[in-house]
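The values are calculated or read from the model by the stated rules, or taken from the named source; none is laboratory data. Keep in mind that this is a model prediction, so the values were computed, not measured. Quick reminder, even Gly has a Cβ in these numbers, built from the backbone with ideal geometry, and neighbours come from all protein chains shown. Just the protein is used for accessible areas: all its heavy atoms, side chains included, with ligands, DNA and RNA removed. Shrake-Rupley method; radii C 1.70, N 1.55, O 1.52, S 1.80 Å.
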Amino acid sequence: MNTKSFFNYHRAVRVGGCSFASTLAIIAATATNVAAQDAVPQIDERDQIVVTALKRETNLLETPLSISAFSGDQLENSGADGLEEFLQFAPGVQFDNSANGAQRIFIRGLTSQIGNTPVGFYLDEVPFTALTVTSTPDVRSFDLERVEVLRGPQGTLYGASSLGGTVRILTNDPVHNEVQAKGDFTYSSTDEGGGNHGLKAAVNIPLIEDKLSLRVVGTQEEYSGWIDQQDFLNFGPPAEEVNDYNVWTARAKLKYTVSDNVEVILGYWHDESDSGAGNLTDDDGQSNSLVNPTTGAEISSDLYSGEISIDFDSVSLTSSTSYIDRERFNPFNDFSGFFSSTDVSIFNQELRLTSNADGRFFWTVGGIYTSNETEATTFFVLPPLLVLDTTQNIEGKSFAIYGEGTYSITDSLDATVGLRYFEDEVTRNDTSLGVLQPEIVNEFDDLSPRFNLAWTPTEDVLLFATASKGFRSGLTQATVSIVAAQALNVDIPLAIDPEEAWNYEIGSKLSLFDDRLTLDGVIYYIDYSNLQTQFLFDSFVFGTLNAGDVDAYGFEFATSLEIVENLTFNFSGNINDTTYRDTVTDASGFVTIFPEGQQVVLTPEVTLSGSLNYIHNISDDWRAIGRASVEYNGARDAIDATFSVISGDPNTRVNLRLGVENDKYGIYAFAENLNNDDNAIVPLTTAAAAGLGYASRYRPRTIGVNLKVNY
């Protein structure tokens, strides 16, 4: 491509903002009066970012995809602790953090509460796709190299569960011949709650000159609860601050440079969290153990990885091997009468070849094998000491081969074609009330292509068009549902077909006014079919089947404007119409669940975000920085246990961050959810809870200080 001067320019990341003029006015006044900036004092907001979303290095604005990228320095200096605090600044991304330590990410309205996650999730080269688990690990945003968000189906390069898109968390590698250390301390206080604190540290240690280095990272954070919970009989005073949340992480990477052409990186990542009752309250911030019975969740994960990279003259070979062990335990409580555990293990092996040679044609081919097991057990406790258990044991073995090639037809026009073939065998062995049920085996396969044209008519303009397919593998019906259906002579499918999403989009990336203004825009249509949906069969049997297709029309945008030197305004958003194509009924065919044209549940029609960022040099060494940001999410609907649609509320959250710093030290004051938005985000999906107004909500206004040290 003849795009050198265009792609040599790029701002670090467009983090967006909100919609209301009044809220933006607050931000503008704050930025003007306080003179402060976001997160990037050490780097220019407009530096170029190199991404590897295409399995090879490209500059962000050179990449003909709907992609957002967040640099690690930017995330840390903006004060982001977890993914929730920045992912929603990527257009079309929604984040649900209500599930007791678990997190769910949705992109472009392709959502689900059952089955595998609808969004691909990668930790470095390691994919996290657990059978029948829609949540993702709680990765903390400290000492990251960058985060890439690919929007829209990505089936060719990223495979199953990349239905809505893919999120890639890329951590910093060890650095040879250099000792590095940094620390981070935060203390804050939450309205209606108590104190919160966080400690984070990273150290880089060279072991053998030019050969061997180690990087170790650790974080520990404790967040107070703010919800008081009454027991279901209203006996005694309510328990206070029941939704506390504590999380610990540790990460280590060992980098061995064997030669100029061979490199080995070994990695270990551990996370552990202990959460209370979750963020589910009524409008007065109260909860009830009948509606919200669980006492919380204890989650721990261990991830082991090994990556070998070999550069030859014309190609690069990458081998990535990983193993994940993840456990979740919901402890027994006096009012629920049950406790449960879920164990997940995932083994992945991927081999990939990428062309290195200069020329008009470059390509990537690869293959991946995955062995995956999920065992979920629920224990029912009956007085005095009788314990009954039900276990779901699901094993999957899958493999895929893929390839993608790009040919430069002219100096300004590139054409890309990609294809992935996937096979998946899923075996289910369940135990119901102590009785082993018959084994069920299902096989699924998929063929996912991608086509892309990218045109750079001038050095400041990139236009692209894409047609791509994403998919989510099929499911095996729960054995307990099959047994119940057989006993009641009810028809129920043994296998649930894969979901598919064909994505068609046209996009542009522009740089104007000597690079002071950049504009990204994408118009897309998604044909989303075979939705995996839970149903009540014949009013007695609860199970899963494929029901309903969806049409998704949307417009995404992101813009960055340097208003004056060191003052930057960012604005991004998604506007969509994501609706059921036909009326969806229950299994009987007579009861309407979703009427034709209704917005898909958990999908807001509008999401917007904006920020103002400013840096002011106080002296040769010190500078004042600050950031004011706002995010807006339209109302999201959910469905309760009676298949009635219940609605949440729109949400607006305003955050501020002000501070002074130099190259080694920084001190900052911050406020999160400054406007104290407590509107319902996603309603709790039970009829009783919906009637009482229970829903997931933001953490109330939280104000604190943050100290940083960097050597």
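Could you tell me the convex hull volume per residue, in Å³, taken over the Cα atoms of the range 206-331? Mind showing how you got there, number by number?
Details: hull volume 17.6 nm³, N = 126.
Per-residue hull volume (Cα only) is 139 Å³.
Applying 1/(1 + (r/R0)^6) with R0 = 51 Å to the Cβ-Cβ distance of TYR187 and TYR504 gives a FRET efficiency near 0.55. Calculated on C-alpha atoms, the gyration radius of the range 533-637 divided by its Kirkwood radius gives an Rg/Rh of 1.30.
In square nanometres, what is one fourth of the surface area of the convex hull spanned by the alpha carbons of the range 477-597?
Details: hull surface 42.2 nm².
So the Cα hull casts an average projection of 10.5 nm².
Using a/c under 1.5 as the rounded threshold, could you call the range 399-454 rounded, prolate or oblate? The axes a ≥ b ≥ c are square roots of the C-alpha gyration tensor eigenvalues, and prolate needs a/b larger than b/c, oblate otherwise.
Working: a/c = 7.20, a/b = 5.33, b/c = 1.35.
Prolate, because a/c is 1.5 or more and a/b exceeds b/c.
Taken over the Cα atoms of the chain, the convex hull encloses 151 Å³ per residue. With Cα atoms as the point set, the radius of gyration and Dmax of the range 432-546 evaluate to 23.1, 72 Å.
Beyond 14 Å, what percent of the Cα pairs of the range 116-180 remain?
Values: 1233 of 2080 pairs.
The answer is 59 percent, as a whole percent.
Calculated [222 nm] ellipticity per residue, helices only, for the chain: -1500 deg cm²/dmol; basis is -39500 (n - 2.57) per DSSP H run with n ≥ 4, divided by all residues, nearest 500.
Roughly how many debye, to the nearest 20, is the charge dipole of the range 556-650 about its Cα centre, given +1 on each Lys and Arg Cβ, -1 on each Asp and Glu Cβ, and no other charges? Could you put the intermediate results ahead of the total?
Details: 4 positive and 14 negative charges, 21 e Å.
The calculated dipole for the range 556-650 is roughly 100 debye.
Largest accessible area first, the residues GLU145, GLU125 order themselves as GLU145, GLU125 under a 1.4 Å probe with ligands, DNA and RNA left out.
Send over the per residue convex hull volume for the range 51-186, Cα only, as a whole number of Å³.
Values: hull volume 16.6 nm³, N = 136.
Output value, Cα hull per residue: 122 Å³.
In terms of its C-alpha gyration tensor, the range 152-192 has an oblate overall shape, because the principal axis ratio a/c (a ≥ b ≥ c, square roots of the eigenvalues) is not below 1.5 and a/b does not outweigh b/c.
Evaluate the Debye formula for the range 475-520 with equal point scatterers sitting on the alpha carbons, no solvent, and hand back log10 of I(q)/I(0) at q = 0.18, 0.25, 0.29, 0.34 Å⁻¹, in q order, two decimals. The Cα Debye sum returns log10 ratios of -0.70, -0.89, -1.00, -1.13.
In percent, how large is the relative contact order of the chain, given Cα pairs closer than 8 Å and 6 or more residues apart?
Values: 2198 pairs, mean separation 99.9, N = 711.
With pairs under 8 Å counted, the relative contact order is 14 percent.
Across the options ALA376, GLY704, TYR223, the greatest Cα extent toward the positive end of the charge dipole of the chain (unit charges at beta carbon of Lys, Arg, Asp, Glu) belongs to GLY704.
Temperature 37 °C, viscosity 0.692 mPa s: under these conditions the Stokes-Einstein estimate for the range 385-430, based on its Kirkwood radius over C-alpha pairs, is 218 µm² per second.
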